[in-house]
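Reviewing the structure listed below.
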Amino acid sequence: MRRVISHFGSAIAAGRGAETAETEGVALNQLINVAVAEKLSHCGRKPIFAERASRGSTKKALRILDRAGVGNPPMRGDRLKSK
């Protein structure tokens, strides 16, 4: 059911809640609960990411990325295909 959660809210708003619930094999109440939970979860993310970003350092992140993989050959499947 996780694959369709992102469109539950818009389906309900467009008046297609019952149709979407039937297609997904869930009760309309459950569909509404998931849509509300998704919205509440989304609303709480911005402050969390803003706080974490304020503690970050672009300079340190770039230093880590500069040394990532140095001295190691590409893993199997990571090579670019030659033209």
Scanning for something modelled with pLDDT under 85 and among the charged types (D, E, K, R), does the stretch 40-58 turn up at least one residue?
yes
Can you name every residue in the stretch 31-83 that is assigned to a helix (DSSP H, G or I) and among the hydroxyl-bearing types (Ser, Thr, Tyr)?
Ser41, Ser54, Thr58
Is it true that Lys59 is of a type in the set (Lys, Arg) and touching a helix residue (DSSP H, G or I) at 6+ places or on another chain (Cβ under 9 Å)?
no
Could you grab the pairs with beta carbons closer than 8 Å, sequence gap of 6+ or different chains, first residue in the stretch 25-45 and in contact (Cβ under 8 Å) with a residue 24 or more places away in the chain and over 15 Å from Gly15 (Cα atoms), second one in a helix (DSSP H, G or I) and not aliphatic (A, V, I, L, M)?
Val34/Phe8; Glu38/Ser6; Glu38/Phe8; Glu38/Gly9; Lys39/Gly9
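The values are calculated or read from the model by the stated rules, or taken from the named source; none is laboratory data. Nothing here was measured: the structure is a model prediction, and the numbers come from that model. Note: ideal-geometry Cβ built from the backbone for every residue, glycine included; neighbour counts use all protein chains shown.
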